[in-house]
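Engineer: Mind having a look at this structure? Questions to follow.
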Amino acid sequence: MLAWAVLRAILADLHLGQRPGDSAAFVQALEAVRHRGAEELVLLGDVFRALVGFSRFWDESVRSGLAQLAALRTSGIRVVMVEGNRDFFLDTDELSPFCDRAGPVHSFSAGGRRFLCEHGDTINRADRRYRFWRRLSKSRPARLWARLLPRRLAQRIVHGTEAQLARTNFSYRRALPEVLLEQAARRHFRAGVDVVLWGHFHRSWRFVDGQREALVLPAWLETRATTWVGSDGAIRAEPDDVGQFVDTASRSWYQGRESNTAAR
Ligand SMILES: [Mn+2]
């Protein structure tokens, strides 16, 4: 890592609050982000079991995770949230102390390469149940309900949301939709993107086309992996046994890990 200047740290699918000890591990991960001198932290979606932009929905794990992000910002590091399927209405004023920007897509360039970050939950277009649920849950009426509902009811709905997610996403948790991922990657490549970064699927995958590449990053939830992007545009994962991003053939780091029990 000598002489390799880190610009960005990327964490995907943390699901904070889902596993014991994850809060302490998150603090450590952010400590590493500071220590490496990253300028920006990109959260590639699904930071918590669910994150709604209105504070009435926030439980203790959300509040403590957000406090960590606020502290990171205080130390001068930008925090970007890419919206996942567990994230709703991230553009509220209530969330603004905790991130510099939030949205469905984030892009940047490094070392002359153009990067595009998306969560990846819309890649499987065939999953109509999920697409319906997504449209409904992120709609204007849903937003209005979220603002007006009594707190306890609101929190019950968030917990119900998790159960709903477990059902709707089931149809594509068995295998990565590799053909759809490749198609989506090629669309982005044609639009001038050099590197596409996705989360959501929880395991590593890579597609290379000449100088361009698309990566599915492993879930932090299961691997505690941080992905680093350097000033030269190179990408590295740590710990590196979760998938070597650099100088490997495209198929070699498909992990084939299965986890049918947890909702993505
Ligand atoms: Mn997801």
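Engineer: Which residues, counting only those in segment 19-73, are in a loop (DSSP other than H, G, I, E, B), touching a Lys or Arg at 6+ places or on another chain (Cβ under 7 Å) and not aliphatic (A, V, I, L, M)?
Structural biologist: Of the residues in segment 19-73, the ones in a loop (DSSP other than H, G, I, E, B) are 19-21, 37-39, 44-47, 49-50, 53-54, 58-59.
Okay, now just the ones that are also touching a Lys or Arg at 6+ places or on another chain (Cβ under 7 Å), so 38-39, 46, 49-50, 54.
Hits for segment 19-73 are GLU39, ASP46, ARG49, PHE54.
Engineer: Using beta carbons and a limit of 6 Å, which pairs, at least six apart or on different chains, have the first residue in segment 123-146 and in contact (Cβ under 8 Å) with a residue 60 or more places away in the chain and the second one not in a helix (DSSP H, G or I)?
Structural biologist: Pairs that qualify, where the first residue is in contact (Cβ under 8 Å) with a residue 60 or more places away in the chain and the partner is not in a helix (DSSP H, G or I), are ALA146/VAL52; ALA146/PHE54.
Engineer: So which of GLY243, GLY199, GLY256, GLY160 is buried (at least 20 other Cβ atoms within 10 Å of the Cβ), of a type outside the set (A, V, I, L, M, F, W, C), out of contact with any Lys or Arg (no Cβ under 6 Å at 6 or more places or on another chain) and at pLDDT below 90?
Structural biologist: Details: GLY199 fails: at pLDDT below 90; GLY256 fails: buried (at least 20 other Cβ atoms within 10 Å of the Cβ); GLY160 fails: buried (at least 20 other Cβ atoms within 10 Å of the Cβ).
None of the others qualify; the one that does is GLY243.
Engineer: Further question: Name the single residue that is nearest to GLN155 (Cα to Cα) among those in segment 74-97 being charged (D, E, K, R) and part of a helix (DSSP H, G or I). Walk me through how you get there before you give the answer.
Structural biologist: At the first step, the residues of segment 74-97 found to be charged (D, E, K, R) are 78, 83, 86-87, 91, 93-94.
Then drop every residue that is not part of a helix (DSSP H, G or I), which leaves 93-94.
Values: ASP93: 20, GLU94: 17 Å.
Filtering segment 74-97 for residues that are charged (D, E, K, R) and part of a helix (DSSP H, G or I), the one nearest to GLN155 (Cα to Cα) comes out as GLU94.
Engineer: Here's a follow-up. Just the residues that are in a helix (DSSP H, G or I), charged (D, E, K, R) and more than 20 Å from the chain's Cα centre (by Cα), please, taken from segment 111-137. Reasoning before the result, please.
Structural biologist: Within segment 111-137, the subset in a helix (DSSP H, G or I) is 128-137.
Next, from what is left, pick out any that are charged (D, E, K, R): 128-129, 131, 134-135.
Result: ARG128, ARG129.
Engineer: Is at least one residue of segment 16-27 within 15 Å of the chain's Cα centre (by Cα) and either buried (at least 20 other Cβ atoms within 10 Å of the Cβ) or within 16 Å of the ligand (Cβ to nearest atom) (or both)? Talk me through it step by step, then tell me what you get.
Structural biologist: Within segment 16-27, the first condition is being within 15 Å of the chain's Cα centre (by Cα), and the residues that meet it are 16, 26.
If we keep only those that are either buried (at least 20 other Cβ atoms within 10 Å of the Cβ) or within 16 Å of the ligand (Cβ to nearest atom) (or both) as well, we get 16, 26.
Within segment 16-27, one or more residues are within 15 Å of the chain's Cα centre (by Cα) and either buried (at least 20 other Cβ atoms within 10 Å of the Cβ) or within 16 Å of the ligand (Cβ to nearest atom) (or both).
Engineer: Report, ordered by the first and then the second residue, all pairs with beta carbons closer than 8 Å, sequence separation of six or more or different chains, a first member in segment 83-96 that is in contact (Cβ under 8 Å) with a residue 24 or more places away in the chain, and a second member that is among the hydroxyl-bearing types (Ser, Thr, Tyr).
Structural biologist: ASN85/TYR130; ARG86/THR161; PHE88/SER137; GLU94/SER55
Engineer: Mind checking which residues of segment 26-42 are without any contact (Cβ under 8 Å) to a residue 40 or more places away in the chain and not acidic (Asp, Glu)? Even if it seems obvious, please write down each step before you answer.
Structural biologist: Restricting attention to segment 26-42, the residues satisfying the condition of being without any contact (Cβ under 8 Å) to a residue 40 or more places away in the chain are 28, 31, 35, 37, 39, 41.
Those that are without any contact (Cβ under 8 Å) to a residue 40 or more places away in the chain and not acidic (Asp, Glu): GLN28, HIS35, GLY37, LEU41.
Engineer: With the structure loaded, tell me whether LEU66 is more than 16 Å from the ligand (Cβ to nearest atom), surrounded by 14 or more Cβ atoms within 10 Å (Cβ to Cβ), over 23 Å from SER204 (Cα atoms) and aliphatic (A, V, I, L, M) or whether it fails that test. Can you show your working first?
Structural biologist: Working: more than 16 Å from the ligand (Cβ to nearest atom): yes; surrounded by 14 or more Cβ atoms within 10 Å (Cβ to Cβ): yes; over 23 Å from SER204 (Cα atoms): yes; aliphatic (A, V, I, L, M): yes.
Considered against the rule, which asks whether it is more than 16 Å from the ligand (Cβ to nearest atom), surrounded by 14 or more Cβ atoms within 10 Å (Cβ to Cβ), over 23 Å from SER204 (Cα atoms) and aliphatic (A, V, I, L, M), LEU66 comes out as yes.
Engineer: With GLU94, GLU83 as the choices, which residue is buried (at least 18 other Cβ atoms within 10 Å of the Cβ) and either within 19 Å of ARG147 (Cα to Cα) or within 16 Å of the ligand (Cβ to nearest atom) (or both)?
Structural biologist: Values: GLU94 fails: buried (at least 18 other Cβ atoms within 10 Å of the Cβ).
Being buried (at least 18 other Cβ atoms within 10 Å of the Cβ) and either within 19 Å of ARG147 (Cα to Cα) or within 16 Å of the ligand (Cβ to nearest atom) (or both) holds for just one of GLU94, GLU83, which is GLU83.
The values are calculated or read from the model by the stated rules, or taken from the named source; none is laboratory data. Here the structure is a predicted model, which is why all the values come from computation and not from measurement. Every residue, glycine among them, receives a Cβ derived from its backbone with ideal geometry; neighbour counts consider all protein chains shown.
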